[in-house]
Amino acid sequence: SSDLYQKSNLSMMILKDTALGLGRVVGPYVENNMYVLAKVIDTKMMFDSASARHILFQTADPQNPQNKNVMPEAQAKMMADSVLKMINSGADFATLAAQYSYDQGSKAKGGVYMNFPYSGPGSMVNEFRDFSFNSKKGERGIVKTEYGYHVIEALGQKNPSMAYKLAY
């Protein structure tokens, strides 16, 4: 797998090894009645949560494919481009989110999602998550996801710690 995991998401046996460094081999240890060796093949500083605000121009509804309250791709992209230009020219993000966003979960809060985790319950779809976790505070852009086009502004990240990519 290409995922990086913070220590809190690693096996208990690996957690006991305090010297997790690049190239380090941990084990063998027993897990699910098997002997396992794990090698650290990449490390990177990662945050455990991020905050962002967005305006969604919805082109599809994966949770409810019958939802007809969506817009065509070309229109959604054009709207996202226009709204990003307005925001970059000084328009109020929260006002535009309340006016245009299809995301009922955040539009009344100015499009804001605070402190969502990198993975697990409450995390965002990959493209949204990656922009939010990898962008500097205040950075804006348009991101396409399975839901449509999002105008996103990164609001910051919290709690950096080392993450590990393992080969077993």
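Things to note:
- The range 115-140, residues that are surrounded by 14 or more Cβ atoms within 10 Å (Cβ to Cβ), of a type outside the set (S, T, Y) and under 19 Å from G105 (Cβ atoms): N115, F116, P117, M124, E127, F128, R129, F131
- Hits in the range 96-114 (condition: assigned to a helix (DSSP H, G or I) and open to solvent by 80 Å² or more (accessible area, probe 1.4 Å)): Q99, A108, K109
- Residue check, F47 modelled with pLDDT under 95 and assigned to a helix (DSSP H, G or I): no
- Screening the range 103-121 for residues that are in contact with a Ser or Thr (Cβ under 9 Å, 6 or more places away or on another chain) and not aliphatic (A, V, I, L, M) and picking the one that is nearest to G141 (Cα to Cα) gives G111.
- Considering residues of the range 64-94 that are among the acidic types (D, E) and in a helix (DSSP H, G or I) only, the residue most open to solvent (accessible area, probe 1.4 Å): E73
- Of the residues making up the range 145-168, those that are touching a helix residue (DSSP H, G or I) at 6+ places or on another chain (Cβ under 9 Å) and either free of Cβ contacts under 8 Å to residues at least 24 places away in the same chain or within 30 Å of V36 (Cα to Cα) (or both) number 6.
The values are calculated or read from the model by the stated rules, or taken from the named source; none is laboratory data. Note that this is a predicted model, so its numbers are computed, not measured. Glycine also receives a Cβ, built like all others from the backbone with ideal geometry; neighbour counts cover every protein chain displayed. What goes into the accessible areas is simple: the full protein's heavy atoms, side chains included, and nothing from ligands, DNA or RNA. Shrake-Rupley method; radii C 1.70, N 1.55, O 1.52, S 1.80 Å.
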